[in-house]
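Undergrad: My structure is below; once you've seen it, I'll send some questions.
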Amino acid sequence: MSQIKKLLIIGFVWPEPNSSAAGGRMMQLISVFAANEFEITFASPALDSDFMVDLSEFGVKKISIELNNSSFDDFIIELNPDVVLFDRFMIEEQFGWRVSENCPKAIRLLDTEDLHCLRTARQKAFKENRTFELNNLLSEEVAKREIASILRCDLSFIISEFEMEVLKDVFKIDPDLLHYLPFLVDEISEEDLVKLPSFQERKNFVFIGNFLHEPNWNTVQYLKETIWPLIKKQFAEAVLEVYGAYPSQKVLQLHQPKNGFFIMGRAADANEIVKKARIVLAPIRFGAGLKGKLLEAMQCGTPSVTTTIGSEAMHSNLPWNGFITDDFQEFANHAIALYQDENLWRESQKNGITIINECYKISKYSVQLMEVVHGLLDNLESHRLHNFMGSLLQHHTLKSTKYMSKWIEAKNKN
């Protein structure tokens, strides 16, 4: 009988699946490793939150760790994991050298969540009112940090096929260091579809998104200032409910019931809210990765109207579950048409189910993930020999980051 393998996940934050797509993504990864009999420990330097998931319910051990503190070295030596998964590159920067030094034989995996450098460069281009071009990425400081982190790891999980191409074409990353891993969800059957609320049982437009995420805040502003007035002009009784975790005072000030624009705050159960809505509106103007809110809409059988950025890499070449447009007048027209035309709505709903079953099936991707992880466990030395740039960066990072961290630790003791 094969020995149970140990997985250590080092989290940027404790998972909050009801607050963000990143939290949902982390729980999907945990479920795959748990189903394959890994013993999982989740460690994070983050403070506890009221909305974090109870990891013990999933058989996961929770450990609080400190930044710039050698107590982590003792912890990881004792745990001696076979696999370490870093949640985002910033966590690999902080703890990667300690893992490498104390557990050199542990596989180092990176879940990028989305390419931060892509999101940052697009946001910058948007704010400066210019067209984003891929070569903008090469001058981004965050790109240098993120790519260095990818190179230092044995394998990085990339959530979007577009980002896979960017990493290979723009940054010339060896494909052996990258693994395409989209959101992982269960297949939806005809029986599941019948159980969802019908067209007549649903009402209102909805937007849902964590407000700590800049693209979401920008989207709500765009809806309020530009798109919603166009929808209200043609469809007087229209109502839009905006949900999201961590709304700031600026967000709450957009609440305008007399205009059918409601800021609802945190959703107790995002799934239930999206199931009761008739249409999801997501005019996202910059960002990266995959949009959890749009996948959730498909799972709930709720058609959506979004932009090319919103739908990027989300549907292969399959028809969208609604409409994709970057023109605000078209956006408003499509939203109203989808809301009022039951046949169009049903057709869009079915498109969403097809996308889920073709592009995100957990049974397919979990098998591929375990194959690649076990392949690394069996051939780690050979894999690392072929990643000279990674070992070079590991060598220099070990020296520079190590001594910076030790200096901070010593300073903190004084």
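The values are calculated or read from the model by the stated rules, or taken from the named source; none is laboratory data. Just so you know, these numbers come straight off a predicted model, no measurement behind them. Here Cβ is always computed from backbone atoms with ideal geometry, including for glycine, and neighbour counts include all displayed protein chains. The accessibility values were calculated without ligands, DNA or RNA, using every heavy atom of the protein model including side chains. Shrake-Rupley method; radii C 1.70, N 1.55, O 1.52, S 1.80 Å.
Undergrad: Which of (1) under 24 Å from D341 (Cβ atoms); (2) in contact with a strand residue (DSSP E or B) (Cβ under 8 Å, 6 or more places away or on another chain); (3) surrounded by fewer than 22 Cβ atoms within 10 Å (Cβ to Cβ) does K233 not meet, given it meets every other one?
TA: Single failed check for K233: (2).
Undergrad: Taking only pairs six or more apart or across chains, which ones have beta-carbon atoms under 6 Å, a first residue in segment 77-101 that is over 17 Å from S391 (Cβ atoms), and a second residue that is hydroxyl-bearing (S, T, Y) and assigned to a helix (DSSP H, G or I)?
TA: Short answer, once both residue conditions are applied: F89/S149.
Undergrad: Sticking with this one: Name the single residue that is least open to solvent (accessible area, probe 1.4 Å) among those in segment 314-362 being within 27 Å of S160 (Cα to Cα) and of a type in the set (D, E).
TA: D327
Undergrad: While we're here: Please name all residue pairs, on different chains or six or more residues apart, with Cβ atoms under 7 Å, provided the first residue is in segment 162-175 and is open to solvent by less than 60 Å² (accessible area, probe 1.4 Å) and the second residue is modelled with pLDDT of 95 or more and β-branched (V, I, T).
TA: Listed by first residue and then by second, the contacts come to M164/I158; L167/I158; L167/I173; F171/I147; I173/I150.
Undergrad: Which of the residues belonging to segment 292-313 are touching a Gly at 6+ places or on another chain (Cβ under 7 Å) and within 18 Å of E165 (Cα to Cα)?
TA: Across segment 292-313, the qualifying residue is only I309.
Undergrad: Now for a different question. What strands (runs of 3 or more DSSP E), lying completely within segment 1-114, carry at least 1 residues that are in contact with a Gly (Cβ under 6 Å, 6 or more places away or on another chain)?
TA: In segment 1-114, the matching strands (runs of 3 or more DSSP E) lie at 39-44, 83-87.
Undergrad: Identify all residues within segment 142-177 that are in contact with a Cys (Cβ under 9 Å, 6 or more places away or on another chain) and more than 26 Å from R384 (Cβ to Cβ); write none if there are none.
TA: Once the filter is applied, which keeps residues that are in contact with a Cys (Cβ under 9 Å, 6 or more places away or on another chain) and more than 26 Å from R384 (Cβ to Cβ), segment 142-177 yields nothing.
Undergrad: Every residue in segment 190-225 that is among the polar types (S, T, N, Q), open to solvent by 40 Å² or more (accessible area, probe 1.4 Å) and not in a loop (DSSP other than H, G, I, E, B), please.
TA: Residue satisfying the conditions is Q221 alone.
Undergrad: A follow-up question, please. Answer yes or no as to whether Y180 is in contact (Cβ under 8 Å) with a residue 24 or more places away in the chain and open to solvent by 10 Å² or more (accessible area, probe 1.4 Å).
TA: In short, no.
Undergrad: Same structure, new question: Filter segment 242-275 for residues that are over 24 Å from the mean Cα position of the chain (by Cα) and charged (D, E, K, R); which is most open to solvent (accessible area, probe 1.4 Å)?
TA: Per the criteria, the residue is K258.
Undergrad: Hey, another quick one. Looking for something out of contact with any strand residue (DSSP E or B) (no Cβ under 7 Å at 6 or more places or on another chain), part of a helix (DSSP H, G or I) and closer than 27 Å to D111 by Cβ - is there at least one such residue anywhere in segment 303-321?
TA: yes
Undergrad: In addition: In segment 1-26, what count of residues is obtained for those that are surrounded by 19 or more Cβ atoms within 10 Å (Cβ to Cβ) and within 18 Å of A267 (Cβ to Cβ)?
TA: Qualifying residue count for the region: 9.
Undergrad: With the structure loaded, tell me whether F33 is in contact with a helix residue (DSSP H, G or I) (Cβ under 9 Å, 6 or more places away or on another chain), hydrophobic (A, V, I, L, M, F, W, C) and under 26 Å from N379 (Cα atoms) or whether it fails that test.
TA: Yes.
Undergrad: If a residue must be part of a helix (DSSP H, G or I) and either modelled with pLDDT under 95 or not small (G, A, S) (or both), how many such residues does segment 322-348 contain?
TA: Here the count works out to 16.
Undergrad: Looking at the structure I just gave you, is S44 among the hydroxyl-bearing types (S, T, Y), open to solvent by 60 Å² or more (accessible area, probe 1.4 Å), at pLDDT 95 or above and within 27 Å of W407 (Cα to Cα)?
TA: Criteria not met by S44.
Undergrad: Report yes if A121 is buried (at least 20 other Cβ atoms within 10 Å of the Cβ), at negative phi, small (G, A, S) and out of contact with any Gly (no Cβ under 9 Å at 6 or more places or on another chain), otherwise no.
TA: yes
Undergrad: Same structure again: In segment 382-398, is there at least one residue being of a type outside the set (D, E), part of a helix (DSSP H, G or I) and in contact with a strand residue (DSSP E or B) (Cβ under 8 Å, 6 or more places away or on another chain)?
TA: So far as segment 382-398 goes, no, none of its residues is of a type outside the set (D, E), part of a helix (DSSP H, G or I) and in contact with a strand residue (DSSP E or B) (Cβ under 8 Å, 6 or more places away or on another chain).
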